[in-house]
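Working notes, structure below.
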Amino acid sequence: MENNYTPGKHLLVDLYQATYLNDKAVIEKALLEAADACDATVLQKNFHSFGGGQGITGMLLLAESHISIHTWPESHFAAIDIFMCGNCDPTLAIAPIEKYLCPKTIDVREFDRGTSLNNKPSSTEKFI
């Protein structure tokens, strides 16, 4: 019998030509709404603005894992990391983030974590 269990899904999300990337309140609201859309439980939150129109780094620590963001307003770019385990679907976090940060382009890469637990590594995995 084949075991298809993986501990979680991990999304790497790149936003291009996004807005509000130096507005801590907007970014915090976007990530909190993203967590809520996934029915994730927020344990802690921490957001830091580098000031002077520079970027923000922030993280939501979730019972199901985390959502983090790093922004570069001067390039209109944001890198977001969404990792969730259990019954949470991390793809549901994308719509609220898109609603608040209004990117023109979104690049999403999705990874199943722990695939080797099934003794079936993907062809792109490299073990060191």
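Worth pointing out:
- Computed from backbone phi, the HN-Hα couplings of region 81-87 come to 10, 10, 10, 9, 10, x, 8 Hz, rounded to whole numbers (Karplus: 6.51 cos²θ - 1.76 cosθ + 1.60, θ = phi - 60°; Gly and Pro given as x).
- Tilt relative to the chain, helix 24-37 - C-alpha long axis, 0 to 90 degrees, to 10: 30 degrees
- Given charges at beta-carbon only (K, R positive; D, E negative), |dipole| of the chain in Debye: 180 debye
- In sequence order, calculated HN-Hα J values of region 91-104 (Karplus, 6.51, -1.76, 1.60; Hz; x Gly/Pro): 5, 5, 6, 5, 4, x, 5, 4, 4, 8, 9, 6, x, 7
- Mean-position separation - Cα centroids, region 51-73 and region 3-36, in angstrom: 9 Å
- Relative counts (whole %) of C-alpha pair distances in region 61-110, using bins that are 10 Å wide: 21, 56, 21, 2
- Helical content of the chain, expressed as a calculated mean residue ellipticity at 222 nm, amounts to -5000 deg cm²/dmol (DSSP H runs of 4 or more residues, -39,500 (n - 2.57) each, divided by residue number, nearest 500).
- GluC sites (Glu not before Pro) restricted to DSSP loop in region 1-81 with at most 12 other C-beta within 10 Å: 2
- Relative contact order of the chain, pairs being alpha-carbon contacts under 8 Å that are 6 or more residues apart, as %: 39 percent
- Within the chain, longest stretch clear of exposed chymotrypsin sites (Phe, Trp or Tyr not before Pro) (DSSP loop, no more than 10 other Cβ within 10 Å): 6-126
Since every read-out is calculated from the coordinates, none of them should be taken as a lab result. Since this is a predicted model, take the numbers as computed values, not measurements. So basically every Cβ, Gly included, is an ideal-geometry build from the backbone, and we count neighbours across all protein chains shown.
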